[in-house]
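In what follows, a single structure is set out as structure tokens and then discussed.
Derivation of every value follows stated rules applied to the coordinates shown; laboratory data play no part. What you see is a predicted model; the values in this text were computed from it and never measured. So basically every Cβ, Gly included, is an ideal-geometry build from the backbone, and we count neighbours across all protein chains shown.
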Amino acid sequence: MATTAGIAVPSQACDEPRPHGFLCELDRPRDAFRDLGPNWFASVMGTGIVAIAGASLPLHVPGLRVFATVVWGLAVTALIGLTAAWAVHWARYPARARRHAADPVMAQFWGAPAMALMTVGTGTLLLSGGGVWAVRADWALWAAGTALGLVTTVWIPYLMMTRHEIGEDAAFGGWLMPVVPPMVSAASGALLIPHVGSAQGRLTLLLACYAMFGISLFASVIIITQIWARLVRYKTLAATMVPTLWIVLGPLGQSVTAAGNLGTAAAHVLPSPYAAGAAVFALLYGVPVWGFAMMWLALAIAITVRAARRGLPFALTWWAFTFPLGTCVTGTIALAGRSHAEVLRGASVLLYALLVVTWLIVAVRTTRGSASGRLFKPAGGQTAARSA
């Protein structure tokens, strides 16, 4: 099993004694829990965003709603299964679980569980008919995800500044993972504002969402400039890390989505002229950021194609192809709805088609790698060298 910068590179075949069996690449089936990191929750994020975008797409296609609901069901199942498996991981291998935070690469993915919770919560609200149970479920998932996300936003950068050994060429898209959750909280929290009973409660939640929007926005801008500088100075990343360049799309697309959702919610919360200002901000902020996101998407595709020609081995980092792209879909949908621009409606459909194709490829590869046990192997040489 080879590793690159803390990310596992799958081996090619199963070894004896179970060359063709389930989890055949592991010594024992229970080893599937041994090195289960927070990066696995990216699969829930990537699956959930397909459902959310499908539910919001400005296109009436027979079966689309059913497809989105089925995918949402898969995200729910994956979240429940991974949460249970991660609990087993912490119970059986607590030392290994704690070392994930000490790894400067794996630590970044502590943001994934928070975003997975909120993604499933938003899907529940949008695809279940908006009943009382759906609102309550979304509240619970949003509250848990927001709390965890605010912790990772401070905790992981603190570790990077005080404990992690960070090289000059270490910047990569994963650095955004712990600081993006507040932006997801802002986008998804805006959908809960109408379900708050009191006027002051709605105002408090709206202002909190705008504050979290700012937390994530400015932290992301700082990190994106570091990623750009790293690419210019040291060129492209190792093959298994190339997909993480797509993570940059996450805060961009999610911020456009959040601005749109908050602008809509503000119309019923803020007094004049601030309600109109929120609507104006949603469009005049959203369009320029969307433009930069499309430029970055083109760069990310070009670099990914270049890496694929040289060999792009499958790893869990491939899930970075999904959720960030999905936020661009939801952001485009928000802009299309606000501006009534047909070109944006068309762009949202094209981006969603790309998202679905990408998700299908990554989901199938993940299923195969999980069945063989390949993806459950240690995610870093330093982890493999130790025993819990």
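Mind pulling the angle between the C-alpha long axis of helix 249-266 and the longest principal axis of the chain? Nearest 10 degrees, somewhere in 0 to 90.
So the helix axis and the longest Cα principal axis differ by about 30 degrees.
For the chain, taking Cα atoms only, what is the radius of gyration to one decimal and the Dmax to the nearest whole Å?
In order Rg, Dmax, the Cα atoms of the chain give 20.4, 72 Å.
Residue farthest toward the positive end of the dipole of the chain, with Cβ of Lys/Arg at +1 and Asp/Glu at -1: which of L82, A32, L283?
A32
Mind checking the dipole of the stretch 252-387: about its Cα centre, +1 per Lys or Arg Cβ, -1 per Asp or Glu Cβ, Debye to the nearest 20?
With only Lys, Arg, Asp and Glu charged at Cβ, the dipole is about 740 debye.
Whole-Hz Karplus ³J(HN,Hα) for the stretch 38-43, in order, using 6.51 cos²θ - 1.76 cosθ + 1.60 and θ = phi - 60°, x for Gly and Pro?
Per residue, the Karplus-derived 3J(HN,Hα) values read x, 5, 4, 5, 4, 5 Hz.
Which of G131, G123, G326 moves most in a GNM of the chain, Cα contacts under 10 Å?
Ranking G131, G123, G326 by mean-square fluctuation puts G131 first.
Report the calculated FRET efficiency for V287 and A211 (r = Cβ-Cβ distance, R0 = 30 Å), to the nearest 0.05.
The calculated FRET efficiency here is 0.80.
Between D169 and M295, what is the label-point separation in nm under the 7 Å Cα-to-beta-carbon projection?
Computed distance between label sites M295 and D169 equals 2.6 nm.
Dipole size in debye (nearest 20) for the chain around its Cα centre, Lys and Arg Cβ +1, Asp and Glu Cβ -1?
360
I want to verify a result. In a Gaussian network model of the chain, Cα cutoff 10 Å, which of these has the top mean-square fluctuation: Y93, Y234, Y352?
Y234
Multiply the residue separation of V132 and S272 by 0.36 nm, subtract the distance between their alpha-carbon atoms, and state the gained length in nm to one decimal.
47.3 nm
Lys/Arg Cβ at +1, Asp/Glu Cβ at -1, dipole of the chain taken about the Cα centre: which of F22, T162, V256 is farthest positive-ward?
Positive-most Cα among the choices belongs to F22.
Using the alpha-carbon atoms, what tilt in degrees (0 to 90, nearest 10) does helix 199-234 show relative to the longest principal axis of the chain?
Around 50 degrees separate the two axes.
Quick check for you: which residues of the stretch 110-131 have the amide N under 20 Å from the point 7 Å beyond the Cα of V154 toward its beta carbon?
110-115
Who wins for biggest fluctuation among C328, C24, C209 in a Gaussian network model of the chain, springs between alpha carbons below 10 Å?
Per the Cα network of the chain with a 10 Å cutoff, C24 tops the list.
Compute the angle between helix 132-162 and the longest alpha-carbon principal axis of the chain, please, reported from 0 to 90 degrees and rounded to the nearest 10.
Taking the Cα atoms of the chain, the angle to 132-162 is about 60 degrees.
Counting Lys +1, Arg +1, Asp -1, Glu -1, what net charge surrounds A267 among other residues with beta carbon under 14 Å of its beta carbon?
Local net charge: +2.
Compute the length gained on full extension between R306 and D31: take 0.36 nm times their separation in residues and subtract their Cα-Cα distance, giving the result in nm to one decimal.
Gain on stretching R306 to D31: 95.5 nm.
Putting +1 on Lys and Arg Cβ atoms and -1 on Asp and Glu Cβ atoms, find which of W246, G173, T366 reaches farthest to the positive end of the dipole of the chain.
T366
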